[in-house]
Each structure stands twice: as structure tokens, then as C-alpha cells.
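Reading through the C-alpha cells given below for one structure.
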């Protein structure tokens with residue numbers, strides 16, 4: 001809705017109509033911008049859920065993707081978020097282990113072949129539990145230990161990075177959908 005405003009600069013009524021049309025357009029634009037940000041957030045949440053669901057991870061992930069939060073207007077812009085929480089989020093996003101090097105691991109203190117106080121573990125790690133649904137190759141129930149699993153680590157799955165790319169891919173079509181109304 002792009003209003004065309006004609007003004008007769010010699011008519012006070014025409015100028016008042018133009019002012020009203022401009023205010024109406026600003027309200028419409030604010031409303032559509034909020035709807036646009038809400039749609040981007042919803043698409044992001046759906047994508048994050050999908051990418052975390054398919055992630056290769058040795059154990060059972062505890063990732064929770066937040067429900068939509070109200071879009072906030074701050075200053076001249078709008079904010080929304082897509083957030084994942086849980087103890088396994090960083091392992092799934094950036095990967096860890098002796099077989100899965102990722103340069104981003106270093107920023108979070110995870111080094112290939114090391115985790116926790118035991119330091120370098122070239123033979124992998126054991127944990128209590130069961131292999132995850134999409135466990136990477138080499139993850140298996142430990143022989144002779146029914147509650148123990150052996151793993152060499154996890155690849156970097158990058159679900160939030162992929163979510164960002166997914167949102168960017170749909171950005172223009174969502175804008176067209178929202179602002180064409």
C-alpha cells in the first residue's frame with residue numbers, strides 16, 4: 001500500500017488530507033514491519049527446530065528452541081529472537097572430538113581431542129546413556145557395559161547458522177508477502 005498523495009499547497013484542506021494520509025501510511029508501515037519481523041522469527045524457529053532435530057549428535061540432545069516472543073520496538077527498529085538453549089547446544093552447533101575439527105571450537109574452549117579434565121583422549125570418550133538417534137559413525141554401545149556409550153565426538157552441525165541462511169533465503173519472498181497487502 002503505497003499511497004499517492006496529491007497536495008494543493010494553496011489549500012489547507014488538501015494539506016490536512018496529506019498529513020492524515022502520511023500518518024495513516026506510517027501506522028500501516030509500522031504494523032506491516034512488525035508482522036514482517038514476526039514472520040521472520042516464526043520461519044527461524046521452525047528452521048531451528050528442523051535443523052536441531054536432524055543434527056548428528058552422539059547422545060540425546062537437550063536442546064529447546066524458544067517459543068516466539070513478542071516483537072519489540074526499540075528506537076527506530078524492531079527486535080525479535082530465535083534462541084536455542086540446553087547443555088548440548090554448543091556441541092551440536094560447533095562439534096567437538098578428535099575426528100571433527102572445527103576452527104570455531106577454540107573460541108569456546110573446546111579443542112579437538114580434548115574435553116573436560118582428562119585432556120587428550122585419542123581413543124574417544126565414554127558416557128552413560130544410549131547412542132543418539134542420529135549418532136555419528138563410531139558411536140556405539142560399549143562392549144560389556146550396557147549403560148555406557150563410546151564416541152569419537154560430534155561433527156559441527158551448525159543448526160543456528162543454517163537457520164540464519166534459511167531466513168535470508170526467504171527474506172525477500174516474506175517481505176513481498178507481508179508488504180503487498
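Quick note: the coordinates plus some simple rules give every number you see, no bench work behind them. For clarity, every value in this text was computed on a predicted model and none was experimentally measured. Quick reminder, even Gly has a Cβ in these numbers, built from the backbone with ideal geometry, and neighbours come from all protein chains shown.
Data overview
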read-out: Percent RCO, i.e. relative contact order, over the range 12-179, from Cα pairs under 8 Å lying at least 6 residues apart; value: 27 percent
read-out: Inter-label distance, nm, simple model (7 Å from Cα along the C-beta direction), residue 133/residue 24; value: 5.1 nm
read-out: Rounded to 10°, Cα long-axis angle of helix 12-53 versus longest principal axis of the chain; value: 10 degrees
read-out: Structure-derived Cα Rg over 2.2 N^0.38 Å - corresponding label in (i) 1.11; (ii) 1.58; (iii) 1.05; value: (ii)
read-out: Per-residue Cβ neighbour rank within 10 angstrom, fewest leading, 12, 158; value: 12, 158
read-out: Footprinting exposure proxy for 14, 56 (fewest neighbouring C-beta atoms within 10 Å first); value: 14, 56
read-out: Taking 92, 15 and counting other C-beta atoms within 10 Å, the order from fewest to most; value: 15, 92
read-out: Rounded tilt (10° steps) of 159-179 against the dominant C-alpha axis of the chain; value: 20 degrees
read-out: Ellipticity estimate at 222 nm from DSSP helix runs (n ≥ 4, -39,500 (n - 2.57)) divided over the chain, nearest 500; value: -13500 deg cm²/dmol
